[in-house]
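See structure below.
No lab work stands behind these numbers, since they all come straight from the coordinates. Here the structure is a predicted model, which is why all the values come from computation and not from measurement. Glycine gets a Cβ as well: all are built from the backbone with ideal geometry, and neighbour counts include every protein chain shown.
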Amino acid sequence: MDIKDIIKPENIVYEKPRLMNDNPMHYCPGCSHGVVHKIVAELVDEMGLEEKTIGIAPVGCAVFAYNYLDIDWIEAAHGRAPAVATAIKRLNPDKFVFTYQGDGDLAAIGTAETIHACNRGENIVIIFINNGIYGMTGGQMAPTTLLGMKTSTCPYGRTAELNGFPLKISNILAQLDGTCYITRQSVHNAASIRKTKAAIKKAIENSMARKGTSLVEVVSTCNAGWKMTPDDANKWMEENMFEKYPLGDIKNTVD
Amino acid sequence: MKKEIIVAGFGGQGILSLGKILAHAGLIEGKEVTWMPSYGPEQRGGTANVTVILSDDRISSPVLNSYDVVVVLNQPSLDRFENDVKPGGTIIYDSYGIRHTPTRKDINIYRIDAMDEAIDMGNARAFNMLVLGGILKVCPVVNTESIVSSLKESLAERLHKLIPENEKAILRGMEIIKAEQEI
Amino acid sequence: MSEEIKLLKGNEAIAHAAIRYGADGYFGYPITPQSEIMETLMALKPWESTGMVVLQAESEVAAINMVYGGAGSGKAVMTSSSSPGVSLKQEGMSYLAGTELPALIVNVMRGGPGLGTIQPSQADYFQAVKGGGHGDYKVITLAPSSVQEMADFVYLGFDLAFKYRNPAIILADGIIGQMMEKVILPPVRQRRTEEEIRTQCPWALQGKPKGRKPNILTSLELSPAVMEDNNLRFQAKYREIEKNEVRYEAIDCDDADYIIVAFGSLARICLKAQEMARGEGIKVGILRPITLWPFPSDIIAEYAKKVKGIISIELNAGQMVEDIRLAVNGAIDVKFYGRLGGIVPTPDEILDVIKKEYIK
Amino acid sequence: MAKIAGAVEVNKERCKGCNLCVTACPANVLSLHEKEVNDKGYHYAYMKNQDKCIGCASCGYVCPDGCITVYKVKL
């Protein structure tokens with residue numbers, strides 16, 4: 001069959017989501033952020049939420065998320081996204097309000113805001129990108145950096161003596177009565193991407209049904225920060241990150 | 001008309017609410033009023049005081065260094081404020097626990113044994129209303145009807161059943177205040 | 001409900017006024033001497049009457065960032081705190097200014113630095129009028145000197161904040177917060193509808209209808225050229241505010257030999273001293289800045305040409321006096337008297353200072 | 001079983017040459033250009049073995065930059 005007969009609009013089975021615009025993304029080649037952005041864009045569109053969605057962009061690599069997804073956005077100070085989201089959702093209860101945060105933002109500088117928003121059961125969705133490193137500032141240690149992992153601020157590898165332990169914040173948040181759905185997923189292959197999309201969809205449904213706080217942790221790569229190729233980073237993640245951060249639902253009180 | 005009043009004593013004696021009822025009565029009568037408490041941990045013990053100013057005109061300072069009427073309900077307050085009575089002004093003191101009484105010759109001195117009376121009445125909570133009655137007797141800055149209306153507005157709904165009791169204490173306070181020196 | 005007269009603490013007046021203004025949200029954290037603001041709001045339960053959201057946050061930092069989010073959605077939102085808490089809020093205030101969002105912040109000042117004291121102070125003058133947080137920005141600063149003004153400035157503060165898309169501060173102190181006075185509560189306004197927000201605040205986050213561009217609220221801009229343009233736009237707005245919004249009260253200044261410049265509660269104490277001085281034949285006037293930023297520099301410069309002396313009296317080590325000196329630009333020697341650490345001077349003390357400085 | 005034909009279009013200017021699509025493809029369809037680069041200097045992905053494409057869209061899913069459009073027809 002001639003390729004011209006295949007490449008026709010009616011035969012499209014996959015394309016860049018409508019709500020992801022044509023601005024080139026500043027992310028490094030192979031960065032997981034783009035995949036998660038696409039999932040969010042697809043779901044907002046598929047669930048008919050375009051006119052109801054307000055995103056809170058973090059400080060960190062995803063700081064410019066607002067340049068890529070055509071929805072209303074506000075940029076939060078480092079770590080404060082859950083507080084910003086709290087007010088937006090409470091003042092606009094029929095809107096879909098989500099934060100998009102990295103590990104430094106959510107689990108270090110914003111720990112208090114994260115825990116208390118979850119504990120109040122704010123009807124928001126938190127999308128948590130855990131790649132074990134500070135990407136934007138150039139690869140420093142994050143709260144989720146694995147023991148032994150080298151970063152620019154633990155150049156000989158993280159040690160418990162000096163830096164404490166990798167923080168499994170999602171497991172902490174699952175202990176809080178305000179959370180209804182906490183899950184840990186990844187986006188390193190087509191199957192895991194489908195699962196993550198299903199998880200974020202469920203989280204959005206929970207928030208619109210006012211069931212409490214939902215958080216989807218996406219264990220991700222930062223190949224630039226890890227100093228690996230994207231392919232190697234995926235392999236390294238599967239072999240190392242998944243052991244400390246096993247995939248699957250941590251809490252689901254909804255179904 | 002302008003009256004500058006301070007009531008000082010221990011925290012927990014009901015001084016702030018006394019002042020509030022007085023200020024509120026002034027408000028009911030269309031006066032300008034200012035109620036300025038000492039605030040902070042002293043509300044829970046130690047000394048407390050409240051300045052109440054009632055005036056027909058705009059009130060300037062809520063903080064004063066001399067007063068028309070000084071009401072002192074313990075020795076430290078008497079020692080602290082006796083000299084701040086304006087010449088020709090009035091001091092009212094409760095004799096309970098007082099070792100040395102006011103000595104100034106240029107002011108009116110009244111004594112009210114409100115603490116003893118409250119104990120006799122078996123109602124320690126009546127203390128501040130007895131004192132308020134005494135104040136109103138020697139300095140009728142607002143009328144009694146306004147005070148009764150003020151009680152209604154100052155007290156929470158659930159405490160309204162106590163209003164007759166408070167009224168009685170105010171009237172009793174008017175009876176038990178005694179002049180020791182009038183100039 | 002039209003106007004209503006009540007006996008209220010300054011802090012309580014703020015709460016009552018916020019509900020009557022039609023504020024959409026309050027986000028706070030307890031700290032003395034301003035906790036009655038949130039306590040009163042919680043007791044009045046406005047979520048049952050006007051729909052106003054009241055929330056106790058986990059920290060001052062969270063509270064100001066809730067304000068940032070709420071303001072971003074075009075709502076009239078506020079927070080309150082006292083000095084140490086307001087230091088924590090500076091991050092959020094800088095973001096509000098940098099994102100050009102309207103919001104009302106109340107600072108019932110107490111003495112510092114550090115944990116300091118819970119007694120009244122005006123030592124956060126610099127922090128309020130010079131920006132406070134990082135970056136070149138200004139916050140409209142209103143200084144109430146009565147409980148009535150605590151209520152009125154909730155309205156004025158919100159109105160100015162929305163007019164200029166800029167945060168506004170009510171810079172009060174422990175005296176005004178804690179004292180009770182007669183208040184004529186301002187007339188009730190309705191909370192704005194979603195439709196009104198859409199027309200009045202087209203920048204607000206409401207979810208993007210098809211056909212409109214996304215509303216993106218951010219203070220981030222990595223291109224220095226664009227960032228400079230942003231800053232120039234802010235500065236132009238600040239000049240506009242300086243031109244339009246200066247407010248002050250001048251009492252007996254026109255025939256005065258000496259002028260006391262004082263703000264907030266201290267202006268009231270100085271007023272009593274001024275009355276006493278006039279009683280003794282000393283011609284003293286009071287110039288009370290109501291807006292600390294924009295500062296009433298022009299009128300002070302005018303009086304500086306006519307009077308024998310100007311003195312700034314403050315509950316700090318000499319902060320507003322710097323703005324007065326800038327205003328008079330050397331035309332006259334500007335003196336200063338201040339008390340620190342939560343000490344409040346009495347009217348007598350101030351009268352003595354006037355006499356000592358000028359009537360030798 | 002119906003036979004399936006697929007094809008992939010890569011937005012070559014958007015592509016950053018990360019190679020994730022190449023790895024994700026179960027049919028060994030995609031490759032990065034060895035010599036050619038786009039305006040940003042990336043060796044972008046292209047269909048090296050078009051006839052093997054089954055239109056499974058794995059490449060599209062994993063592409064972080066949304067460069068890939070996937071087509072599929074049943075023959």
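Take A:Val187, D:Val70 and order them by how many other Cβ atoms sit within 10 Å, fewest up front. Numbers along the way, then the final one.
Values: A:Val187 27, D:Val70 23.
In order of increasing Cβ crowding within 10 Å: D:Val70, A:Val187.
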In Å, the Kirkwood hydrodynamic radius from C-alpha pairs for the stretch C:14-161 sits at 15.1
Which trypsin sites (Lys or Arg not before Pro) from the stretch C:230-328 combine a DSSP loop assignment with at most 12 other Cβ atoms within 10 Å?
C:Lys308
Lysines within cross-link reach of A:Lys150: Cα-Cα under 24 Å, excluding same-chain residues under 8 positions apart?
A:Lys168, A:Lys227, A:Lys235, A:Lys244
Along the three principal axes, how long is the stretch B:105-179 when you take its alpha carbons, biggest first, rounded to the nearest angstrom?
45, 28, 14
Quick one: what are the phi-derived ³J(HN,Hα) couplings along the stretch C:31-41, Karplus 6.51/-1.76/1.60 with θ = phi - 60°, whole Hz, x for glycine and proline?
6, 6, x, 10, 4, 4, 4, 5, 4, 5, 4
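Which value in deg cm²/dmol, rounded to the nearest 500, describes the helix-derived mean residue ellipticity at 222 nm for chain D, given -39,500 (n - 2.57) per DSSP H run of n ≥ 4 and division by the residue count? Walk me through the intermediate numbers first.
Values: 2 runs with 10 residues, N = 75.
Calculated from helices alone, the mean residue ellipticity at 222 nm is -2500 deg cm²/dmol.
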GNM top mover of B:Val33, B:Val142, B:Val63 - chain B, alpha-carbon springs below 10 Å
B:Val63
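At 222 nm, what value in deg cm²/dmol follows for chain A if DSSP H runs of at least 4 each add -39500 (n - 2.57) and the sum is divided by all its residues, to the nearest 500? Write down the numbers at each step before the final one.
Working: 9 runs with 79 residues, N = 255.
Theoretical 222 nm ellipticity from helices: -8500 deg cm²/dmol.
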How high is the relative contact order of chain D, in percent, with contacts defined as C-alpha pairs under 8 Å that are six or more residues apart?
46
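Counting partner chain Cβ atoms within 10 Å of every residue's Cβ in C:264-273, what's the average?
On the way: counts 0, 4, 2, 2, 7, 6, 2, 4, 7, 2.
Going residue by residue through C:264-273 and averaging, the value is 4.
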To the nearest 0.05, the calculated FRET efficiency linking D:Lys74 and D:Glu34 through their beta-carbon distance, R0 being 30 Å, is 0.35
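Loop-only GluC sites (Glu not before Pro) in the stretch B:91-183, please: DSSP not H, G, I, E or B, and at most 10 other Cβ atoms within 10 Å.
Working: sites: B:Glu117, B:Glu145, B:Glu153, B:Glu157, B:Glu165, B:Glu167, B:Glu175, B:Glu180, B:Glu182; in loops: B:Glu182.
In loop regions of the stretch B:91-183 (DSSP not H, G, I, E or B), the sparsely surrounded GluC sites (Glu not before Pro) are B:Glu182.
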Under 5 Å between amide H atoms, partner at least 5 residues away or on a different chain: which partners does B:Gly89 have, H built in plane at 1.01 Å?
B:Asn108
Reduced Cα scattering model of the stretch A:1-114, Debye log10 I(q)/I(0), q = 0.14, 0.20, 0.23 Å⁻¹
-0.62, -1.09, -1.31
Antiparallel DSSP beta bridges within chain A, percent to nearest 5
25
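Could you give the length gained on full extension between A:Glu51 and A:Ile3, defined as 0.36 nm per residue of separation minus the Cα-Cα distance, in nm? List each step's numbers first, then the result.
Details: separation 48, 0.36 × 48 = 17.28 nm, distance 3.79 nm.
Roughly 13.5 nm would be gained on extension.
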Using only the alpha-carbon atoms, what does chain A span along each of its principal axes? Please give whole angstrom values in decreasing order.
61, 47, 32
For C:Lys182, list the lysines whose Cα falls under 25 Å from its own Cα; do not include residues on the same chain fewer than 8 positions away.
B:Lys2, B:Lys3, B:Lys20, B:Lys31, B:Lys137, B:Lys152, C:Lys6, C:Lys9, C:Lys45, C:Lys272
FRET efficiency, 1/(1 + (r/R0)^6) with R0 60 Å, evaluated for A:Arg210 and C:Asp254 via beta carbons
0.45
Most mobile of A:Ala87, A:Ala76, A:Ala57 per a Gaussian network model of chain A (Cα springs, under 10 Å)?
A:Ala87
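Please compute the Kirkwood hydrodynamic radius of the stretch C:148-288 from all pairs of different C-alpha atoms, in Å with one decimal.
Values: mean 1/r = 0.0514 Å⁻¹.
Its Kirkwood hydrodynamic radius stands at 19.5 Å.
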Over chain C, calculate the relative contact order: mean separation of alpha carbon pairs under 8 Å at least 6 apart, over the residue count, as a percent.
18
Pairwise centroid distance, computed over Cα atoms, of the stretch C:323-360 with the stretch B:122-183, Å
43
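Counting each DSSP H run of 4 or more residues in chain C as -39500 (n - 2.57), what helix-only mean residue ellipticity at 222 nm follows after dividing by all residues, to the nearest 500 deg cm²/dmol?
On the way: 14 runs with 158 residues, N = 360.
That calculation yields -13500 deg cm²/dmol at 222 nm.
Say R0 is 25 Å: what FRET efficiency, to the nearest 0.05, do C:Asp136 and C:Ser59 get from their beta-carbon distance? It would help to have the intermediate numbers written out before the result.
Values: r = 27 Å, r/R0 = 1.06.
Calculated value: 0.40.
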What per residue convex hull volume, in Å³, do the alpha-carbon atoms of the protein assembly as shown yield?
200
Here the gain from full extension of C:Glu196 to C:Arg278, 0.36 nm per residue of separation minus their alpha-carbon distance, amounts to 24.3 nm
How many partner chain Cβ atoms sit within 10 Å of a residue's Cβ in peptide C:206-213, on average, as a whole number?
5
Under a 10 Å cutoff between Cα atoms, tell me which one of C:Val106, C:Val307, C:Val154 has the largest fluctuation in the Gaussian network model of chain C.
C:Val307
If you take each beta carbon of peptide A:11-23 and count the beta carbons of other chains within 10 angstrom, what is the mean?
6
Using Cα pairs under 8 angstrom and six or more residues apart, how large is the relative contact order of the stretch B:2-181, in percent?
23
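If packing is taken as the average number of other Cβ atoms within 10 Å across a peptide's residues, how do A:126-135, C:286-295 rank, most packed first? Don't skip to the end; give the middle numbers.
Working: A:126-135: 27.4, C:286-295: 23.5.
Answer by packing, highest mean first, reads A:126-135, C:286-295.
For chain C, count all C-alpha to C-alpha pairs, find those more than 28 Å apart, and express that count as a whole percent of the total. Show your work: numbers first, answer last.
Values: 27957 of 64620 pairs.
Summing the P(r) of chain C above 28 Å gives 43 percent of all pairs.
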Tell me, what ³J(HN,Hα) does each residue in the stretch D:5-11 have, in order and in whole Hz, if you take phi through Karplus 6.51 cos²θ - 1.76 cosθ + 1.60 with θ = phi - 60° and put x for Gly and Pro?
10, x, 7, 10, 10, 10, 6
Apply the Karplus curve 6.51 cos²θ - 1.76 cosθ + 1.60, θ = phi - 60°, to the phi angles in the stretch A:90-107 and return the couplings in whole Hz, x for Gly and Pro.
5, 7, 9, x, 8, 8, 8, 10, 9, 10, 10, 9, x, 6, x, 4, 7, 10
Given points 7 Å out from each Cα along the Cα-Cβ axis, report the C:Met227 to A:Lys227 separation in nanometres with one decimal.
2.9
Across the stretch B:2-181, what fraction of all alpha-carbon pairs, as a whole percent, falls in each successive 5 Å bin from zero upward?
1, 9, 18, 23, 23, 16, 7, 2, 0, 0
Can you give the % of DSSP beta bridges in the protein assembly as shown that are antiparallel, to the nearest 5?
40
Pairs C:Lys308/C:Lys360; C:Lys305/C:Lys335; A:Lys95/A:Lys195; A:Lys197/D:Lys16; A:Lys197/D:Lys52; C:Lys237/C:Lys305: which are spaced more than 21 Å apart, C-alpha to C-alpha?
A:Lys95/A:Lys195; A:Lys197/D:Lys16; A:Lys197/D:Lys52; C:Lys237/C:Lys305
I need the peptides A:137-148, D:11-22 ranked by packing, meaning the mean over residues of other C-beta atoms within 10 angstrom, with the highest value on top.
D:11-22, A:137-148
Long-range amide H contacts for A:Met136: which residues qualify at under 5 Å (H placed 1.01 Å from N, peptide plane, sequence gap of 5 or more or a different chain)?
A:Cys61
